[in-house]
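All remarks here apply to the structure that follows.
Just so you know, all these numbers are worked out from the coordinates, no wet-lab data involved. Values in this document were obtained by computation on a predicted structure and should not be read as measured data. All Cβ positions, even for glycine, are placed from backbone atoms using ideal geometry, and neighbour counts span all protein chains on display.
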Amino acid sequence: MNEYLLTTNEVAEMLRIPVATLRWWRHEGTGPKAFKLGARKVMYRKSDVDAWLESRYAAAEPVA
């Protein structure tokens, strides 16, 4: 796998949101796809975060 992996902190920083919000989205199943690496380490593939962000953008209503 040559995919770039991101930590929870890195994704939160990238999206400019609190880590707690990202954790809540993961709990609710509404955020970017994540997986556990080992028993506790949660990781994100950058392509999954980018795809999730693009889908949110495509579904967004225009802001006046």
Handout entry: Modelled FRET efficiency - R0 25 Å, Ala64 with Trp24, Cβ distances, 0.05 increments
Key = 0.30
Handout entry: Cα-based helix-to-principal-axis angle, 46-59 vs the chain, degrees rounded to 10
Key = 20
Problem - Residue-averaged [θ]222 nm for the chain, counting only DSSP H segments that reach four residues, each worth -39500 (n - 2.57) - result: -15000 deg cm²/dmol
Problem - Crossing angle, helix 19-28 versus the chain [Cα axis fit, 0-90 degrees, rounded to tens] - result: 90
Exercise for the section: Just the Kirkwood number for the range 9-49, please: inverse of mean 1/r across all distinct Cα pairs, in Å, one decimal. Expected result: 10.4
